[in-house]
Amino acid sequence: MSIRERLSGNEAVAVAMKQINPDVVAAFPITPSTEIPQYFSTFVSNGTVDTEFVAVESEHSAMSACIGAEAAGARAMTATSANGLSLMWEMIYIASSLRLPIVMSLVNRAVSGPLNIHNDHSDAMGVRDSGWIMLFSENNQEAYDNTLMAHRIAEHKDVLLPLMVCQDGFITSHSIENIELVEDDKVKEFVGTYKPSHYLLNNKEPIAVGPLDLQAYLFEHKYQQAEAMRKAKEVILEVSKDFEKLTGRKYELFEKYKLDDAEIAIICMNSTAGTTKSVIDKLRESGVKAGLLKIRVFRPFPAEEIAKELSHLKAIAVLDKADSLNAVGGALFTDITSAMFVNSCNVPTVNYIYGIGGRDTKESDIESVFVDLQNIANTGKIDNPYRYLGLRK
């Protein structure tokens, strides 16, 4: 029997961390993720968990402490946002290259400058190719569920990569929703005990961590990371199936919403999917065959699977909550169009940069995108594939 509760996204993640009871949590406060270590520290202080909580002097130190703990054989977690993630940048790459399955909650926020503390995806997009698995969460329930699955995925022997669970800052992190929690004992059984094969504190196997890696080996080690990321797709699906057996909640690489018979569709991530679903329901009532493909797993990117699901459509809009500043669209758009091209999926596709710095994205904005898609579907023409949604002229 699940436990019904009302929690914010940050609270939900902190509760998941409490149930997992990691060996080490190292964190430094930064809006809007501050509440996660704050809530978790209360569990430490009242003895609910026996985690070693390390209050560090910066986010760079937070990731460094997690790397040290994980390399020593401990299960480590952290949380951050935006500029905090930027300060971790060096250590983000080191964590993945050392194949350390650290789990991080990334509460998405605009990266400075100018300074903005509200939601967009520029922080996540900045590290999208750093070797971390990336799961995105539409709502509080998904943020909680993804966190429970994270260690099972990251610690799998065929993966051994760090993983970040993303959710939208303030929109879900600070908004209270109804949520179903899994009982503590079932979480413990599901997540299991971390048993690394190689670790620094194993006196029976002396090893070095982080040695100099020159021309003779670095190429092969990077290939091994790439292979692990490719293998992670199947592991994610396996863990998701086990989670469905436990909770009844089904997760795949992406979610299709009224997509199978759709003629036009939006592709997006995180909380915008909820607004899009509401608009789709209204459009369906008026006879418009609109649909949604919501990306859950952004890294590894499920290119072949996505292209297959999009091939029957007449027009597609990809919504990016971050601009790559490259003059050719956002990161999600680039990945989607690359996937379609490589897999011979030829559907007219446009990109919309939206929601930068927390700019509200209303149902009327999403409706305007579907109007544009109807015109594209009817004419087959795209005047400009690189567009902005909700931008003041």
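Debye sum, Cα scatterers, segment 6-133, no solvent: what log₁₀ I/I(0) at q = 0.12, 0.17 1/Å?
-0.41, -0.83
Charges only on Cβ, +1 for Lys and Arg, -1 for Asp and Glu: so what's the dipole of the chain about the Cα centre, in debye to the nearest 20? Write down the numbers at each step before the final one.
On the way: 39 positive and 52 negative charges, 121 e Å.
Using only the charged Cβ atoms, the result is roughly 580 debye.
Cut-off under 16 Å on the C-alpha distance; same-chain residues fewer than 8 positions from LYS18 excluded. Which aspartates and glutamates are left, in chain and number order?
GLU5, GLU35, ASP50, GLU52, ASP145, GLU180, GLU183, ASP184, ASP185, GLU189
For segment 254-389, what is the Kirkwood hydrodynamic radius in Å, using each pair of distinct C-alpha atoms? Let's see the in-between values first.
Working: mean 1/r = 0.0682 Å⁻¹.
Value: 14.7 Å, from the Cα pair sum.
Under 5 Å between amide H atoms, partner at least 5 residues away or on a different chain: which partners does LEU259 have, H built in plane at 1.01 Å?
LEU292
Toward the positive end of the charge dipole of the chain, about the Cα centre and with charges on Cβ (Lys, Arg +1; Asp, Glu -1), which of LEU115, LEU319, ASN343 goes farthest?
It is ASN343.
At q = 0.21 Å⁻¹, what base-10 log of I(q)/I(0) does the Debye formula yield for segment 193-271 when every alpha carbon is treated as an equal point scatterer in vacuo?
-1.12
Restricting attention to segment 29-116, which GluC sites (Glu not before Pro) occupy a DSSP loop and are surrounded by at most 15 other Cβ atoms within 10 Å? It would help to have the intermediate numbers written out before the result.
Numbers: sites: GLU35, GLU52, GLU57, GLU59, GLU70, GLU90; in loops: GLU57.
Answer by residue number: GLU57.
Evaluate the charge dipole of segment 253-393 about its Cα centre and quote only its size in Debye, nearest 20, assuming +1 on the Cβ of each Lys and Arg and -1 on the Cβ of each Asp and Glu. Mind dumping the intermediate values first?
Numbers: 18 positive and 18 negative charges, 44 e Å.
Around 220 debye, computed over segment 253-393.
Please get the size of the charge dipole for segment 290-373, origin at its Cα centre, with Cβ charges of +1 on Lys and Arg and -1 on Asp and Glu, quoted in debye to the nearest 20. Kindly include the intermediate steps, with their values, before the conclusion.
Values: 8 positive and 11 negative charges, 33 e Å.
Taking the Cα centre of segment 290-373 as origin, the dipole is about 160 debye.
So if R0 is 56 Å, what FRET efficiency would LYS362 and ALA226 give, r being the distance between their Cβ atoms, rounded to the nearest 0.05?
Efficiency, rounded to the nearest 0.05: 0.90.
Give the angle, between 0 and 90 degrees and rounded to the nearest 10, that separates the Cα long axis of helix 218-247 from the longest principal axis of the Cα atoms of the chain.
So the inclination is approximately 80 degrees.
Once amide H atoms are placed 1.01 Å from N in the peptide plane, what residues at a sequence separation of 5 or more from ILE353, or on another chain, have their amide H within under 5 Å of its amide H?
ASP320, ARG387, TYR388, LEU389
Counting pairwise Cα distances across the chain, what percent come out greater than 40 angstrom? Each step should come with its number before you reach the end.
Working: 10925 of 77028 pairs.
So the portion of pairs separated by more than 40 Å is 14 percent.
Since every read-out is calculated from the coordinates, none of them should be taken as a lab result. The structure presented is a predicted model; accordingly, all values stated were derived computationally and were not measured. We place every Cβ from the backbone using ideal geometry, glycine too, and count neighbours over all the protein chains shown.
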